[in-house]
Amino acid sequence: MMRLSLAAATAALLASAASAQPAGGRQANPDADGYGKVTFAEFSAIHSQRNARMFARLDANNDSKLVAAEMAAMGQRAQASGGAQAAGGRMLQRMDIDGDGSVTKAEMDADGGKRRFDAADANKDGWLSPEELSMMRQNGAGGGQGPA
Ligand SMILES: [Ca+2]
Ligand SMILES: [Ca+2]
Ligand SMILES: [Ca+2]
């Protein structure tokens, strides 16, 4: 059961980035040390892997930079709420650390998923429990509209 919900949470994370690709097949184990909870290190590792796949998928011209138009592909899910272009632009602004108008893989990885982890860690104990993971999934972990 627990394994199932963790897998589902991971699948939701993956699916939020890539609606095109089925989320089945190989998935990172979100609980590498087997405690039933996810540490930030584990979460961050998954985040980085997910980013690498997402980055490769979004980088349409393979120049190792994502511009707003490329990021709009990621924002397509948010189309109903403000439009993919706007969502792509917002995401770019959020991630573009050096302000050059594009996002590199390093910039994408910069926070190591910390924002998302902190948002999901409801009791702030530095772990994500299966419950917190499933809450994150229910709250719509992906998409353009993060928590304030
Ligand atoms: Ca590019
Ligand atoms: Ca940049
Ligand atoms: Ca927690």
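The values are calculated or read from the model by the stated rules, or taken from the named source; none is laboratory data. Given the structure is predicted, the values throughout are model-derived calculations rather than measurements. Please note: Cβ atoms are built from the backbone with ideal geometry, for glycine as well, and neighbour counts cover all protein chains shown.
Annotations for the structure displayed:
- Matching residues in region 106-141 - criterion: being outside any helix (DSSP H, G or I), of a type in the set (G, A, S), without any contact (Cβ under 8 Å) to a residue 60 or more places away in the chain and within 12 Å of ligand 3 (Cβ to nearest atom): A122
- For region 43-56, the criterion of being farther than 21 Å from R137 by Cα and modelled with pLDDT of 65 or more is met by at least one residue.
- Complete set of residues in region 84-105 that are buried (at least 19 other Cβ atoms within 10 Å of the Cβ), away from ligand 2 (no atom under 12 Å from the Cβ) and either assigned to a loop (DSSP other than H, G, I, E, B) or of a type in the set (K, R) (or both): none
- If the condition is being among the hydrophobic types (A, V, I, L, M, F, W, C) and under 18 Å from N139 (Cβ atoms), then region 107-123 contributes F117, A119, A120, A122.
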